[in-house]
Amino acid sequence: MTEDERARELTPPSAPALRLRGISKSYGPVVACDAVDLAVHQGEIHGLLGENGAGKSTLMKILLGLVQRDAGTILHHDGPVDIGSPQEAVALGIGMVHQHFSLINPLTVWENVILGDTGKIDKGAACDQVRDVSQRYGLPIDPLAKVERLSAGERQRVELIKCLRRDPSVLILDEPTSVLTQAESAELFGVLRHVVRSENRAVILISHKLAEITAATDRVTVLRKGKVVFQSATAETGPQELARQMVGREVSLGSEAAALGLLPVEPPRTGESGTGKVETSVAALRLRGLTVTVDGVRVLSDLDLDVAPGEIVGLYGVEGNGQSNLGDVLSGLVLPDSGSVEISGRPVDLNRPGALHAAGLGIVPEDRHASGVVLDMSVAENLVMKSLNAVSGRAFVSRRKTHEVARRLAAEFNIVTPSMDTPVRSLSGGNQQRVVLARELSAGPLVLVAAQPTHGLDVGAIEDMYRRLRDVASGGVAVLLISTELEEVMALSSRIAVISSGRITGVLSTGEATAERLGMLVGGVAA
Amino acid sequence: MIAVDDISTILSSGIRLTIPLAFAACGEYLAERAGAMNISVEAMMLGAAFGSVATASATGSATTGLVAGVLIGLLIGFVHGNLSHRLEINTFVIGLVLNALVLGLTSYLITVSSFESHQVSQVSIPWLRDIPLIGHPLFVERWPVYLLIVLVPLTWWLVERSRWGLELRAVGEQPQAADVTGIRVNLRRRQALLWCGALAGLGGAYLAVGEVGSFNQNMTAGRGYIVIAAVIFGAWRLRRTLIGCALFGLADAMRLALPALGLTMNSQLLVVAPYLLALLAMLFFANQNREPRALGQPFERGST
């Protein structure tokens, strides 16, 4: 971009496409948005940066009519508007590319694109429109394909086409790159630049990744705990400043970079037993030929992976390439079609419930609310859930022993809770995750599988999780870190296995792993 | 050993027993595609059967009775829809309660009232009725039967081709996604239940003022559940659902015909036969992964 272009962007043109004044929203005692002011101009990409729970999503839901604000005004081209429903948002020209939940998988592309319109269905015209929009923006897609057969990147294209076909004046993207490879992200940002520069639309890009915000946006607004804490032209600020504003304290980018979505300057060494020992020692976790089919689609095919005691192996890949299915297998939730799981050289009978736990595998599952904790049971109950024998007599669970164990674990793992009888539901995400980790580690596992262990956690909790995972590994436990965050994998693992379409496309030591090589492997190309 | 006439008789009674199922199945099929698991289809049929006989007796017109049956089906669909897809009460519980309520209410009302018998008129189609074997069963029928010729393709077209149907399917598969796209999920489900109520009501009313001409206690005898089984048997496709209805109708006809053919079987066992068949059919055909993914799941904006 030339100096002229940049200068033009720094002086925002006339009236903003969308202006929010004093928007507030509370859920009971929790304040999600607190008097937020925001002006989004035509012809610019506005980055909305904040940690999880900072209020970004609530703010956008208000703009889309999915949530009603408690106070404040929304001005659209300087006229006050009320957005009571998603239909009204569409009528105002506000379109959103959702992070999840917006395409209907069993329907075809063209059916999805016209969903939400009114009037008679014209399949031919709809298909032509899809082809038209897809050509104009360089987003190739077959309008007759069923969405469930498409890759994550292609689905993102459908989302974009669906939005752009309605000619929105304001386009909102919510964490759009979480399911994309680097190449797909680049394609996306290319399209965004085009719609902003040539078509003079306004784009709001929501993200918690600093690198993405600094690279792609013209202006940036940082939200923290529901409040706007910082606004600036992106060119006039930098990662250091943005990180400080987002977290609310001085951060050193060196050690915390990964948690903030920036590549660490140099990959830290993890533990003493690194890559060198892998060949000689017996693998603590050995997966051989794992194949899983879900709804007739092969999601894992012939997957092999070894993790040695004391090392952290990062399983990296873009979301939806089979890593969550592997997590399900290792949780005992899914029985593979074929293949074996060995722990310290002994095969595990996956047909038997609880066999993996008994064999010494601990797991921090991806969806902690669904399979990590029982939200409405107490902290103490959740902590002893997998080792009831240790706290019960012949027939009854001892409340005294349960509390003893729970108090010890809570102290050891810094679980902040009003009492041991508090339901886990009322704990913060970070503390819930500590409950899971404490329970799994208290069983003294040989192998720890951590699936997306930092999803939805704030920076402090992420750092804490990183430290604990490193400690666990240096204590001799084999750690398999399943993650879609490149920075996380780079920061923690000694080896990185890349998964693409249910296969391991390559295993690199962290030293030889560059963003480019990983990017190629993620795309299914051997590097 | 079985004469052509016997086969023709069984076929004719099979078809007559299939018709009420087919009406209701068109409704239930559409409701389930929208994700509304409508257990109360039994209540819709039974309530409509009673209402049609009572109205026919009061007005002297079987056709008016038929209309009253449709209205009662609509009413039950309206109540069910608002309770489960507006007030978010568990849809299965509501269905069971409605079924028990209608059964009790009609059983009571029939003991305290007496009705004249009325039946809708028969239409027989010239030429075609003379075709051997199938002529009489297919082309000598009470006139509402011929409504199916319109309602079956209409139901198919609504679900597969209309915008309303596209939205229904979206709502039945991924309601959260449908919602952010701007579709009113619970409104669509309530509408689907109304369609289901109207057609199940028509089915029940046809059974009473079409086939039988009177009402007796629990006269639908679980046909609503058979309809639900037929939709599962049909793997949520209309054609296979109707084949399922025909299968259950024929099984029912066999039950009635076997003693006449001189085959003696325990009568209680015979009564069980169609239900046993339904169970077996579900056992073999249920696990096909064609089920609407949000079937029976309530939708509330903001959850997940």
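Quick note: the coordinates plus some simple rules give every number you see, no bench work behind them. Please read all numbers here as calculations on a predicted model, not as lab measurements. Here Cβ is always computed from backbone atoms with ideal geometry, including for glycine, and neighbour counts include all displayed protein chains.
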For the pair residue A:128 and residue A:398, what calculated FRET efficiency results from E = 1/(1 + (r/R0)^6), where r is the Cβ-Cβ distance and R0 = 60 Å, to the nearest 0.05? 0.25
Two decimals is fine: what is log10 I(q)/I(0) at q = 0.19, 0.23 Å⁻¹ for the stretch B:50-143, from a Debye sum with one equal scatterer on every Cα and no solvent? -0.92, -1.06
Expressed as a fraction of 2.2 N^0.38 Å, the rule-of-thumb size for a compact globular protein of N residues, what is the C-alpha radius of gyration of the stretch B:4-288? 1.00
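To the nearest 0.05, what FRET efficiency results for residue B:129 and residue B:282 with a Förster distance of 30 Å applied to their C-beta separation? Each step should come with its number before you reach the end.
On the way: r = 36 Å, r/R0 = 1.21.
Calculated value: 0.25.
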Go through B:200-209, B:107-116 and give me the packing order, highest mean Cβ count within 10 Å leading. B:200-209, B:107-116
Taking the Cα centre of each part, how many Å lie between the stretch A:374-430 and the stretch A:53-104? 41
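Using the Kirkwood radius over Cα pairs, work out the Stokes-Einstein diffusion coefficient for the stretch B:134-287 at 25 °C and 0.890 mPa s, in µm²/s as a whole number. All intermediate terms of the calculation are to be shown ahead of the outcome.
On the way: Rh = 17.8 Å.
Diffusion coefficient, whole number: 138 µm²/s.
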Could you tell me which helices of chain A pass both thresholds, a Cα extent of 27 Å or more along their own axis and a mean Kyte-Doolittle hydropathy of at least 0.0, with helices taken as whole DSSP H runs? none
How high is the relative contact order of the stretch A:15-247? Use alpha-carbon pairs under 8 Å, at least six apart in sequence, and give a whole percent. 29
What spacing in nm lies between the two simple spin-label points modelled at residue B:265 and residue A:35, each 7 Å away from Cα in the Cβ direction? 8.0
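Rounded if a/c is under 1.5, else prolate if a/b beats b/c, else oblate: with a ≥ b ≥ c from the C-alpha gyration tensor eigenvalues square-rooted, which is the stretch A:15-247? Provide the component values of the computation, followed by the final result.
Working: a/c = 1.79, a/b = 1.43, b/c = 1.26.
Cα axes put the stretch A:15-247 in the prolate bin.
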With the dipole of the protein assembly as shown worked out from charges on the C-beta (+1 for Lys and Arg, -1 for Asp and Glu) around the Cα centre, which of A:214, A:521, A:482 lies farthest toward the positive end? A:482
Determine the relative contact order of chain A: mean sequence separation of Cα pairs under 8 Å and six or more apart, normalised by residue count, in whole percent. 15
Highest mean first, how do A:350-356, A:430-436 rank when packing is the count of other Cβ atoms within 10 Å averaged over residues? A:430-436, A:350-356
Consider a paramagnetic label point 7 Å from the Cα of residue B:113 along Cα→Cβ; state which residues of the stretch B:38-77 have an amide N under 14 Å from it. B:47-61, B:65-66, B:68-69, B:72
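As a check on your grasp of the helix formula, calculate [θ] at 222 nm for chain A: sum -39500 (n - 2.57) over DSSP H runs of n ≥ 4, divide by the residue count, round to the nearest 500.
Details: 18 runs with 171 residues, N = 527.
Estimated from H runs of four or more residues: -9500 deg cm²/dmol.
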Using amide H atoms built in the peptide plane, which far-off residues or other-chain residues are under 5 Å from residue A:47 H to H? A:205, A:218, A:219, A:220, A:221
Residue by residue through A:58-65, how many Cβ atoms from other chains fall within 10 Å of the Cβ on average? 1
With unit charges on the beta carbon (Lys/Arg positive, Asp/Glu negative), name the residue among A:229, A:42, A:130 whose Cα is farthest towards the positive pole of the charge dipole of the stretch A:15-247. A:229
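Going through the DSSP H helices of chain B, which span 18 Å or more along their own axis at the Cα atoms while scoring at least 1.6 as a mean Kyte-Doolittle hydropathy?
Details: long enough: B:4-33 (40 Å, 0.65); B:41-59 (26 Å, 1.17); B:62-85 (33 Å, 1.37); B:91-112 (32 Å, 2.03); B:185-205 (30 Å, 0.47); B:238-260 (33 Å, 1.02); B:267-285 (28 Å, 2.14).
For chain B, where a helix must reach 18 Å along its axis and average at least 1.6, the hits are B:91-112, B:267-285.
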Output field shielding_mean for B:181-189 (other chain Cβ, 10 Å radius) holds 4
For the protein assembly as shown, place one equal point scatterer on every Cα, skip the solvent, and apply the Debye formula. What is log10 of I(q)/I(0) at q = 0.07 Å⁻¹? -0.67
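With contacts defined as alpha carbon pairs under 8 Å and 6 or more residues apart, what's the relative contact order of chain B in percent? Before the final figure, lay out each step's value.
Details: 563 pairs, mean separation 110.3, N = 304.
Here the relative contact order equals 36 percent.
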Go from 0 up to the bin containing the longest alpha carbon distance in the stretch A:347-486, width 10 Å each, and give me the % of pairs per bin. 12, 42, 36, 9, 0
Any idea how far apart residue A:367 and residue B:146 come out in nm if each label point goes 7 Å out from Cα toward Cβ? 5.3
Can you list the residues, at least 5 places off or on another chain, whose amide H is less than 5 Å from the amide H of residue A:504, using H built in the peptide plane? A:304
Mean Cβ-within-10 Å packing, highest first, puts peptides A:189-201, B:6-18 in the order B:6-18, A:189-201
Report the Cα centroid-to-centroid distance between the stretch B:134-209 and the stretch B:229-269 in angstrom, as an integer. 22
Between residue A:82 and residue A:467, how high is the FRET efficiency from 1/(1 + (r/R0)^6) when r is the Cβ-Cβ distance and R₀ = 60 Å? Nearest 0.05. 0.80
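Using the Cα centre of the protein assembly as shown as the reference point, and only Cβ charges (+1 on K/R, -1 on D/E), how large is the resulting charge dipole? Debye, rounded to the nearest 20.
Working: 73 positive and 80 negative charges, 286 e Å.
So the dipole magnitude of the protein assembly as shown works out to roughly 1380 debye.
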Residue-span extension gain [residue B:293 to residue B:59] - 0.36 nm each, minus C-alpha spacing: 79.7 nm
So what is the 222 nm mean residue ellipticity for chain B from helices alone, if each DSSP H run of at least 4 adds -39500 (n - 2.57) and you divide by all residues, rounding to the nearest 500 deg cm²/dmol? -22500 deg cm²/dmol
Let me confirm the definition first: pairs of Lys residues in chain A, 8 or more apart or on different chains, C-alpha distance under 19 Å. How many are there? 17
Hey, got the average number of other protein chain Cβ atoms within 10 angstrom for residues in B:172-180? 6
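Report D for the stretch A:285-522 in µm² per second (integer): Stokes-Einstein, Kirkwood Rh on Cα pairs, 20 °C, 1.002 mPa s. Let's see the in-between values first.
Working: Rh = 18.2 Å.
In µm²/s, the coefficient is 118.
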Of B:192, B:112, B:221, whose Cα points farthest to the positive end of the dipole of the stretch B:4-288 (charges on the beta-carbon: +1 Lys, Arg; -1 Asp, Glu; origin at the Cα centre)? B:192
Roughly how far apart, in whole Å, are the Cα centres of the stretch A:198-242 and the stretch B:56-119? 60
Inter-label distance, nm, simple model (7 Å from Cα along the C-beta direction), residue A:416/residue A:352: 4.2
